[in-house]
Amino acid sequence: MTRVSLSRLPGERVLAVDGGSERDMAMADLAAYVEAREADAGETRWAWDDTARWYPPLLAAGVRVERCHDLRLGHHLLRRAPAVDQQLLEGEQSEHWDRLGPSAPSAPTLFSIDDTAEHLRADLEDARQLAAVAASPEAPRLGLLLAAESSGALVAAEMTHAGVPWRVDVHERLLRDLLGPRPPRGARPQRLEALVAEVREAFEAPGLNPDSRPELLAALRRAGLEVADTRASSLRVLDHPGIEPLLRYKQLAHLFSTNGWVWIDQWVSDGRFRPSYQPAGSTTGRWSSNGGGALSFPAQVRPAAVADEGWVFVVADVAQLEPRVLAGMSGDRALAQAARGADLYQGMVDAGAVASRMDAKLGLLGAMYGATSGESGRMVAGLTRRYPLAFGLVEEAARAGERGQIVRTLLGRGSPSLGDAWDRDPDDPPGDPDAQARYRRAYGRFTRNFVVQGTGAEWALCWIADLRNRLWRLGSSGPLDARPHLVFFLHDEVVVHTPVRLASAVTAAVTEAAATAGGLLFRDLAIDFPLNISTVRSYADAGKPGAPESAGDGGPRA
DNA sequence: GAAAAAGGCGCC
DNA sequence: AGGGCGCCTTTTTC
């Protein structure tokens, strides 16, 4: 494996450092240089400051990169990793790496807005990170985590580049059916306007703006309805003729503002929905999204995600990812046994641990989220005796958090400190013992969930990293644009866009990648990660039993 | 008048 | 007194 670090130099130039040799080239020659090295051996690992800055222009030039080391992600991760000697990360320019945030998705990628990032020496930081990992007692796990994180960054850039196939005509028909024709800028669609009229009439409140909470609350109270807030769940239980149109209004208004015509204009181009992903954007290591709303891909508009002609989606999600991860990381063989099979909760019932599936779910979710009362809290107590290792692990993580200690994921990602979380709530001074105790308990719930959610994110990273490699090999005989590729990923779910003839091979690849991820994380303790997999023409049809590729997309096709 | 906060909803 | 996010609108704050 050859490591080549790439640094940006002033004046549109790039410095490539390969072992002892340095090469200074024009930015315009970069794609050809990278392509040549990739074609040559495929044994190069590129080390660069930020995949989101380097990779999109390479992809645009038709260059695919096999593997990389994302120094920004690596630095951020190692800085918070308890098993890393922090002194090894310090040195020339290290404070710049400390300050490096994610690059803006819309920023021009070839021209930096951040001057300091322009002069960062990637080779210096790369050497520090390698030394820091090598010196750690957890070097193998940290190495795996950095590799997975960097692969994830490649996946993110590739998914934005490829985009989710999007039928604007299907989406617009859906909007028209529900809302009416597209209204002029600033106006409500016909159907919404009609519902507003209904609501105003029912509450005898002419001029009421249902989007205004104070106005709406006042109108509800005038009608004799005692309600503390205007949430749909609070309104649903009320008995008044105005409630039904109001709920309908809220639902459609949300569709209109969040995934309406404006959203199409902004996020769909050339028949592709291109959200922006931010790997490790959440402190637990989960991805976040800073454009397009990839984290809430509403079911309402999924019918518009339709595979190209002759192509299909293979959609896969993991059943009960986090409980399975908890079984693996705690080494709880009883819970691992319950996880053998498609339904972990049913496995717990079959083992006689709980009376019903619902109890099993309540207990496990309560343990992972920190429920203290109610049905969920009671189930936790009973299940702790049955699964002491698994429940003990999250309990210990919560105690550590309450003591103000850092916790870590299986591969070594550290949680943010209690102090770092303070600044979210600056008017909550440490002086008030009551407030402080509340805050510590809240932090304990966070650390409790952190270890499971974070390790779940690590499993998912390993999954998509391995899947990416498998998909590439699957399509190696065909031309670039005929290869199966990932188009969407969200925590425990993937969508692969593939030519029909490769769909069954993709299904196998997704399954094998899940097994690989489990093996990487949990080694000897075998944990099952069963997938729900559908092959569909439209994303909306995924997960429906007995909805094969023949299921329609609603579109007019021959 | 712009920025920040808050309420609400969507996803896992 | 259940974790993590983003985004939209209105309201509040500076």
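The values are calculated or read from the model by the stated rules, or taken from the named source; none is laboratory data. This is a predicted model, so every value here is computed, not measured. We place every Cβ from the backbone using ideal geometry, glycine too, and count neighbours over all the protein chains shown. These area figures cover heavy atoms from the full protein model, side chains too; ligands, DNA and RNA do not enter into them. Shrake-Rupley method; radii C 1.70, N 1.55, O 1.52, S 1.80 Å.
Numerical summary
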item: Answer from A:Leu238, A:Leu216 - the residue that is among the aliphatic types (A, V, I, L, M) and touching a Ser or Thr at 6+ places or on another chain (Cβ under 6 Å); result: A:Leu216
item: Failed condition for A:Thr447, given (1) over 14 Å from A:Glu402 (Cα atoms); (2) open to solvent by less than 10 Å² (accessible area, probe 1.4 Å); result: (1)
item: Search result, residues across region A:127-144 that are over 26 Å from A:Pro57 (Cα atoms) and in a helix (DSSP H, G or I); result: A:Arg128, A:Leu130, A:Ala131, A:Ala132, A:Val133, A:Ala134, A:Ala139, A:Pro140, A:Arg141, A:Leu142, A:Gly143, A:Leu144
item: Residue identified as out of contact with any strand residue (DSSP E or B) (no Cβ under 7 Å at 6 or more places or on another chain), under 21 Å from A:Ser534 (Cα atoms), assigned to a helix (DSSP H, G or I) and open to solvent by less than 40 Å² (accessible area, probe 1.4 Å) among A:Ala460, A:Ala437; result: A:Ala460
item: Test: residue in region A:156-177 that is more than 14 Å from DNA strand B (Cβ to nearest atom), over 29 Å from the mean Cα position of the chain (by Cα), over 30 Å from A:Glu309 (Cβ atoms) and not acidic (Asp, Glu); result: no
item: Residue satisfying all of: in region A:467-483; open to solvent by 10 Å² or more (accessible area, probe 1.4 Å) and in a loop (DSSP other than H, G, I, E, B); farthest from DNA strand C (Cβ to nearest atom) among these; result: A:Ser477
item: Wholly within region A:17-112, strands (runs of 3 or more DSSP E) carrying at least 2 residues that are at pLDDT 95 or above and surrounded by 15 or more Cβ atoms within 10 Å (Cβ to Cβ); result: A:44-48, A:67-70
item: In region A:282-301, residue farthest from DNA strand B (Cβ to nearest atom) [restricted to those that are over 25 Å from A:Leu71 (Cα atoms) and either modelled with pLDDT of 95 or more or polar (S, T, N, Q) (or both)]; result: A:Gln300
item: Region A:190-216 residues that are away from DNA strand C (no atom under 13 Å from the Cβ), paired with ones that are open to solvent by 30 Å² or more (accessible area, probe 1.4 Å) and among the charged types (D, E, K, R) (beta carbon under 8 Å, 6 or more apart); result: A:Leu195/A:Arg248; A:Phe203/A:Arg222; A:Glu204/A:Arg222; A:Ala205/A:Glu215; A:Ala205/A:Arg222; A:Pro206/A:Arg200
item: Looking only at region A:1-16, and only at residues there that are of a type in the set (D, E, K, R) and within 30 Å of A:Ser288 (Cβ to Cβ), the one that is most open to solvent (accessible area, probe 1.4 Å); result: A:Arg3
item: Hits in region A:251-281 - residues which are closer than 17 Å to A:Pro165 by Cβ and more than 16 Å from DNA strand B (Cβ to nearest atom); result: A:Ile264, A:Val268, A:Ser269, A:Asp270, A:Gly271, A:Arg272, A:Arg274
item: So A:Gly328, is it away from DNA strand C (no atom under 16 Å from the Cβ) and either more than 30 Å from A:Arg483 (Cα to Cα) or outside the structural domain of A:Leu175 (by TED's automatic domain parsing) (or both); result: yes
